[in-house]
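Some notes on the structure that comes next.
The values are calculated or read from the model by the stated rules, or taken from the named source; none is laboratory data. Quantities reported herein were computed from a predicted structural model and do not represent experimental measurements. Here the Cβ positions follow ideal geometry from the backbone for every residue, glycine too, while neighbour counts run over all protein chains shown.
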Amino acid sequence: MKLSIKAKLTLSLCAIAATLLISATISVLEYAKMSSYVSDLIADDITSLNTAHKLSDISNSYNLDILAVIGDGKNSKLPEFDRDYFLSHCDSLRTSLESNVIQPLTDSVVYAYTAYILTSLELAGVLDSRFIDSRDWYFNRLQPSFEILRSDISALENAIYRDLEKNSLTFERGFYRSIIPGIVAVGVGLLLVVMLLFFIMAYYVNPIYKMLDALGGYRSYNKKYTFTFEGDDELVSLNEAVSELANENLTLRKRLRDLKAKQRDELEGD
């Protein structure tokens, strides 16, 4: 099947365009998929980190309220603690984060919270008792339980922060991984451009220059047009037509010269 010059150039350029288009599409889809997935993970980490901060804040507030009650000997009103709020936030941490490290830490916070709350419920009996020093109870019994709770919450916050840092690095690595197809496409595109340039120079530009050189010799020195090259497109047909016309013109010139010489000889003979 013979391909025209237009068809060959069109196919070459379409191959380059298709390569770039496919690679660009892969890059965009890969980045979109990665970005959506990692962005959700980062958003969950930020929400969970804020939730852990809230757990720490309400625990500190409750512990300070107990200290205020003990410090004010006349105030026997017990502080309130929203247990449902605390536990619901712990449950949200379990469901939002699927890490095998964070979930056990959340359970530890719940256990430490339970122990601390049970200990804090002794406050009413401590205040009513004449034999128990409320300050001694607070610093030697309640405060160690609170320190365990605060330590577990701090460990949970650190684990969430490390998970957030890991996901951020994953997002960065995923970004560079998603642009690899684009880089490969650019490299392949440049290679195809070089190959197309070589193809055009070897099969079209150089033959045209050689055709011009052969035509120059024919026009200036009446040399026979003998340039030929392999191929099956319009340029080969053009070269064959030029060669045929040039050789026919040379034959015609030779006949005219012979005719003129014959006429001159006849005139001289008369």
Residue match in the stretch 107-119 (condition: among the aliphatic types (A, V, I, L, M), exposed (fewer than 14 other Cβ atoms within 10 Å of the Cβ) and not in a helix (DSSP H, G or I)) | no
Scanning the stretch 132-142 for residues that are surrounded by fewer than 17 Cβ atoms within 10 Å (Cβ to Cβ) and part of a helix (DSSP H, G or I) gives R135, D136, F139, N140, R141
Note down all Cβ pairs under 6 Å where the first residue falls in the stretch 101-124 and is in contact (Cβ under 8 Å) with a residue 12 or more places away in the chain, the second is of a type in the set (G, A, S) and in a helix (DSSP H, G or I), and they're at least six residues apart or on different chains.
-> V101/A159; I102/A159; L105/A155; L105/A159; A115/S145; Y116/S145; T119/S145
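A quick yes/no check of all residues on (1) outside any loop (DSSP other than H, G, I, E, B); (2) more than 21 Å from L9 (Cβ to Cβ); (3) over 60 Å from the mean Cα position of the chain (by Cα):
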position: A214; (1), (2), (3): yes, yes, no
position: G217; (1), (2), (3): yes, yes, no
position: N239; (1), (2), (3): yes, no, no
position: S243; (1), (2), (3): yes, yes, no
position: E248; (1), (2), (3): yes, yes, yes
Specify the residue that is modelled with the lowest pLDDT; the eligible residues are those in the stretch 133-183 that are of a type in the set (V, I, T) and over 18 Å from the mean Cα position of the chain (by Cα).
-> I160
Residues of the stretch 220-270 that turn out to be exposed (fewer than 11 other Cβ atoms within 10 Å of the Cβ) and in contact (Cβ under 8 Å) with a residue 40 or more places away in the chain, as a count = 0
